[in-house]
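Asker: This is the structure I have questions about; it appears just below.
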6 protein chains.
Amino acid sequence: MGLTALCPGTFDPVTNGHLDIIGRASQTFETVVVAALENPSKQAMFTLEERVAMLKEACSGMSNVTVVSFRGLLVDLARSQEGDAAIVKGLRAVSDYEYEIQMAQMNHRLAGVETLFMPTSPKWSFLSSSLVKEVAQLGGNVSGLVPDHVRTALDDRLEER
Amino acid sequence: MGLTALCPGTFDPVTNGHLDIIGRASQTFETVVVAALENPSKQAMFTLEERVAMLKEACSGMSNVTVVSFRGLLVDLARSQEGDAAIVKGLRAVSDYEYEIQMAQMNHRLAGVETLFMPTSPKWSFLSSSLVKEVAQLGGNVSGLVPDHVRTALDDRLEER
Amino acid sequence: MGLTALCPGTFDPVTNGHLDIIGRASQTFETVVVAALENPSKQAMFTLEERVAMLKEACSGMSNVTVVSFRGLLVDLARSQEGDAAIVKGLRAVSDYEYEIQMAQMNHRLAGVETLFMPTSPKWSFLSSSLVKEVAQLGGNVSGLVPDHVRTALDDRLEER
Amino acid sequence: MGLTALCPGTFDPVTNGHLDIIGRASQTFETVVVAALENPSKQAMFTLEERVAMLKEACSGMSNVTVVSFRGLLVDLARSQEGDAAIVKGLRAVSDYEYEIQMAQMNHRLAGVETLFMPTSPKWSFLSSSLVKEVAQLGGNVSGLVPDHVRTALDDRLEER
Amino acid sequence: MGLTALCPGTFDPVTNGHLDIIGRASQTFETVVVAALENPSKQAMFTLEERVAMLKEACSGMSNVTVVSFRGLLVDLARSQEGDAAIVKGLRAVSDYEYEIQMAQMNHRLAGVETLFMPTSPKWSFLSSSLVKEVAQLGGNVSGLVPDHVRTALDDRLEER
Amino acid sequence: MGLTALCPGTFDPVTNGHLDIIGRASQTFETVVVAALENPSKQAMFTLEERVAMLKEACSGMSNVTVVSFRGLLVDLARSQEGDAAIVKGLRAVSDYEYEIQMAQMNHRLAGVETLFMPTSPKWSFLSSSLVKEVAQLGGNVSGLVPDHVRTALDDRLEER
C-alpha cells in the first residue's frame, strides 16, 4: 500500500493556494487526507464544520482526497492511518519555513512522523487565508483567489456582521 | 505630472525612522501622500485623529507632503490620486520584506498598483513604533527616537494610565 | 572581576533548550544572572513567582548562576550589576535573530549595554516554551523536552483547567 | 522633469523576469535607463556589447527606455543623468534583498543616491540568468523564459563550444 | 506502483547528513534512487565514479535504494523512471531553501516534476560536504561526520596532495 | 583569569566595521586576540603579513588586543590560549548568520569551543571588505569606511595593477 499524504491546516477559509497544494499532492501520492484543525489560539471566521464543508466541496473532483476535521496532536492522526502516512505541507516564505521546520522536527521527535514540504506555486505565493479575509472585509474583490462557493460564504459572513 | 508616492502606515506613533523614509521620499518624488490607516486588528495607543495630528506636525516642513487618514483598501486610495501613484514603503528586516512583498503582490493583482521599497537608513534599522512604546512604558528615554512633540504625547498618554 | 552574563527571558516554562544555553553560559562566564521577566503583552501560563521557582530548581546545580525576577528595562538590570555585564541570549532561527538584533541595538543605544548571542544547540533547535505548552495541552508527551519538575507543573496546571 | 529610473544589471542574458521589471518601471517612471554593467569578477557568456544588443532588441517597444553599457561606479552614472535619478531594482529572494540593501546603503552613503526596489512578479520568481544558462547548457528548453532572439543567441553560443 | 524518490546531489563526499535523509526517504518511499550529479561549475575532490562508489558502500544496507550517476537535466532522469517519481531533497537553512525552491519551481515548469523537501535532522544541521573537506584539510577529525570508508578516502586524497 | 575573546577573520583589509566589533570586544572581554586567517579558497588582495600589519596599526590604541596570524583549525588556536577562550564574531545579515551558526556548531562539536556573536553596529551594517575593494577598484572614495592607513594601502595596491 502506498503512502498517505496528510495535509493539515486551519483552512479559514480554503484558498486557491491550498487547493493547488492539495491537487498536486493528490497527483503525487496514492491517498490524501486533508485535516482541518481546531486552532484554540486563533479566533476563526468559520466554524470547524463550515471549514470542512467548504473543503469537501472544493475537493469533490479529486477521488483520492478525503477531508476530515481533527482536534488533538497531528502525529496521533498520522499514526491512526492505515499504512504509512507523512505530513505534507505547502511552503511559501522563509518565516513559514522556520516555523514549519520546527513543527516538523517536533513531530519527528514525538512520533517518528515525517513531514514533506511542497513549494507553493509562484502564482499563489502571495495568498493566505488571513490576507483574503482582510481584503474581503475592506470590500476588495477576492474572486480568483478562492473558489466561488467560498467567496459566497465570505460575503454572507461579512454581511451578517 | 510626476509620480505620487503613497506612504501608508499605522504610525502609532510616528518615529524618526518613518520620518527618514518620508523625508527621502519627498526629495525623490514630486508629491508624497502619507496615509495613516485604521488597523482594526491592532489596539492602537493613539486614535487615528491623534496619529494624523502628530504626523502633520512632524511633516510641516516638507511642502510636497500631505497627511491623510484612511479606512479601506489601500489600492482604492492609490487609484483616487490624480495622475500616477505608487505605494512607497520603508523596509527594515527580512520578515518585514516577506510580509510586505506579499501585500505588494496582492495590491498589484487587485488593482495593478505598484509598490516601491526604500531601505531604511541603517541608523534607524532597530526602530519601530512598538519598540518605542515598549521602552517608554518601562520608563526608558525615547528622546532622539521620535520627534519632541511625539515624546510629550507618549509621556502624557502613559501618565493617564 | 569578570564579566556577568545576564540571561533574560519569559521562561513560561523553562525548557531544556533554555537550560542548555544557561549551562553553557555558566561554563563560559564568571557569573550568570538568569532574569525572568514580566511580559505584560503575553498571557503567561505560570506566574512570575512560579517561573522563578522552576528556574531555581533547574539551575540549583550550577554554583555561579543566580535567578531573579525583573520588571522594567533590561538595561537597568544590566547597569545595576557589580562590575561589567552583558546580555547573553540563545538564538534559534532567522526570525529570532532579527527581533533580537533589533532589541540588542536598542539596548546598546539606550545604555551602551552589549548583547552576546550563543547559537542554540542543534539538538534543541525545534524547542520553545510555546511549542511545549501546545504539545502538552493536546496530550503529547513532553518528557525529555523540559526538566521533570516542570513536566509535573505543566500536568498540574493543565488538570486545573 | 520627472524621475529617471536607472535599472542596472549584468543581463547575461536578459530574461523575461528582467523585462517584467523594466516594463513595469517604464509604466511607473517618466524615463528608464537600463544599464548593462561590466562585471570583472564574473566570467560572462556574452560580451557587454552582445548583452546591450539583446537588451535593445527586447526593449525596442518601450519608448521611454534607453539601454546603455557602463563601466564604473553606478552612482556616477546616476549623477550624470539630467534631473533626478534613482536606482530601481527587482527583488526576488531574501538573499537578494540582503546583498541589495547593502549595495543600496553604500550607494546612498557614497553619493546620496536612492535605491527603489520593485518585487519581482510571482510568475518569474524562480528565474535568473544563471539558471537559464544552466538549463540551456543541459539541453533544456528555455522558450518562454527569455525572448526568442535571446534563446537563439543562447543556442548559437552553446553550439560554438 | 508506489512513488520513486529521486535524491540528487553532488555528494563530494557523502556525509552522515546525506545518509540521514536517504535513510528516512528509504523508510518513507517505496523506492529511492540516489543520483550523483556531474557539477561542471564546481571542482570536485572526488571523481563522479569515486563518489558513486562511496555512496554505494554507504547505502548497501538499504534494499530499496539504488545509486546512479547522472549528467544532464534532473527532470529527464525523473521522467525516465518507471512509474511516478518526485525529487526529494534535504533542507538545512534559509539560503538553501531559497535556492532549492527556485530549482523546484524551474523543474516543475520544465517538466511538471514535483520536489518534496525533508527537513534535515537537527543533529546534522551544521554539516555539509564542503565544511567536512575544509575541516579535514586543516587536520581536524571528521570521524562521526562521515562513514568510516569516506573518512579513509578523505585521508588518502589529502595525503596525495 | 577572565575570558579571552578570539576574533577571527580574513581582514582583507580591515574595515571600520571590523574595528567597531574589535573595540566593543576589547571593552567587554578581558583580553582580545584578533586572528587573521589564511583563506586558501579566496584570492586575497593583501598578503597575510600585510593584513596583520594593517590590523596591528589599527588596534594599536587598544591595550588588551593582540593581533596574530593563523593557519589551521580555529579551535586549535582557541585551545592554545591560556585560560578560557571563546570565538567572538560580528554579525550583519541573515546569510552571515546561517553560515556562522553552522561554523559555530561545527567548532562546538570539534572541540567544545563556544562562539559568541555581537550584532554589528547599524552604522556599519552595509560594510564589508569585498564591497570596500569593489568601490575602491571602481574609483570610489572609501575614506570613512576604513582607517586612513588602510585607504593608502588600497590606493597603492590598485596603482600597482
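Asker: Between helix F:94-111 and chain F, what is the angle of the helix's C-alpha long axis to the longest principal axis, kept within 0 to 90° and rounded to the nearest 10?
Answerer: Result, in degrees: 40.
Asker: Right, something else. Compute the relative contact order of chain F as a whole-number percentage, counting only Cα pairs closer than 8 Å that sit 6 or more residues apart in sequence.
Answerer: Contact order relative to length: 28 percent.
Asker: What is the average number of partner chain Cβ atoms found within 10 Å of a Cβ in C:149-159?
Answerer: 0
Asker: Something else about it: Put one equal scatterer on each alpha carbon of region D:1-42, apply the Debye formula with no solvent term, and list log10 I(q)/I(0) at q = 0.21 1/Å to two decimals.
Answerer: -0.68
Asker: Using a 1.4 angstrom probe, figure out how much accessible area region E:4-125 has per residue, in square angstrom, rounded to the nearest whole.
Answerer: Per-residue accessible area for region E:4-125 comes out at 39 Å².
Asker: At what distance in angstrom do the alpha carbon centres of region D:1-68 and region C:1-35 lie from each other?
Answerer: The two parts, judged by their Cα centres, are 53 Å apart.
Asker: Whenever you get a sec, compute what percent of the accessible area on region E:4-125 sits on carbon and sulfur atoms (1.4 Å probe).
Answerer: 47 percent
Asker: Turning to a different aspect of this structure: Per residue of C:137-146, what is the mean number of Cβ atoms on other protein chains within 10 angstrom of that residue's Cβ?
Answerer: 3
Asker: Once every DSSP H run of n ≥ 4 in chain A is given -39500 (n - 2.57) and the sum is divided by its residues, what mean residue ellipticity at 222 nm do you get, rounded to the nearest 500 deg cm²/dmol?
Answerer: -13500 deg cm²/dmol
Asker: Between the helical axis of B:48-58 and the dominant principal axis of chain B, each derived from Cα atoms, what acute angle in degrees is found, rounded to the nearest 10?
Answerer: 90 degrees
Asker: Next up: C:Lys123: which lysines have alpha carbons under 24 Å from its alpha carbon, excluding same-chain residues fewer than 8 sequence positions away?
Answerer: A:Lys89, C:Lys56, C:Lys89, C:Lys133, E:Lys89, E:Lys123, E:Lys133, F:Lys89
Asker: Here's a follow-up. Just checking the output field for E:110-116: average partner chain Cβ neighbours within 10 Å of each residue's Cβ?
Answerer: Mean number of neighbouring Cβ atoms from other chains: 5.
Asker: How far, in degrees from 0 to 90, does helix F:16-28 lean away from the longest principal axis of the Cα atoms of chain F, to the nearest 10?
Answerer: For F:16-28 against chain F, the angle is about 30 degrees.
Asker: Take the Cα pairs of the protein assembly as shown, get the Kirkwood Rh, then feed it into Stokes-Einstein at 10 °C and 1.306 mPa s and tell me D in µm²/s.
Answerer: Estimated diffusion coefficient is 52 µm²/s.
Asker: Buried by at least 50 Å² relative to the chain on its own: which residues of region E:1-29 qualify, computing accessible area with a 1.4 Å probe on protein heavy atoms?
Answerer: Flagged in region E:1-29: E:Thr28.
Asker: If the elastic network links every pair of Cα atoms under 10 Å, which of C:Gln27, C:Gln105, C:Gln43 fluctuates the most in the Gaussian network model of chain C?
Answerer: Evaluated over chain C, the most mobile residue of the options is C:Gln43.
Asker: In terms of modelled amide H atoms, which long-range or inter-chain residues lie less than 5 Å from the amide H of F:Val88?
Answerer: Amide H neighbours of F:Val88, under 5 Å, 5+ apart: F:Leu6, F:Cys7, F:Leu116.
Asker: Need the C-alpha centroid separation for region A:93-151 versus region B:134-161, integer Å.
Answerer: 38 Å
Asker: So, one more: Which whole-percent values make up P(r) of region C:4-125 when all C-alpha to C-alpha distances are grouped in 5 Å steps starting at zero?
Answerer: 2, 11, 22, 24, 24, 13, 3, 0
Asker: Cα atoms only, region A:68-124: Rg and Dmax in Å?
Answerer: Looking at region A:68-124, its Cα Rg and Dmax stand at 12.3, 35 Å.
The values are calculated or read from the model by the stated rules, or taken from the named source; none is laboratory data. Keep in mind that what you see is a predicted model, and the values were worked out from it rather than measured. Please note: Cβ atoms are built from the backbone with ideal geometry, for glycine as well, and neighbour counts cover all protein chains shown. To get the accessible areas, we keep the full protein, side chains included, count just its heavy atoms, and leave off ligands, DNA and RNA. Shrake-Rupley method; radii C 1.70, N 1.55, O 1.52, S 1.80 Å.
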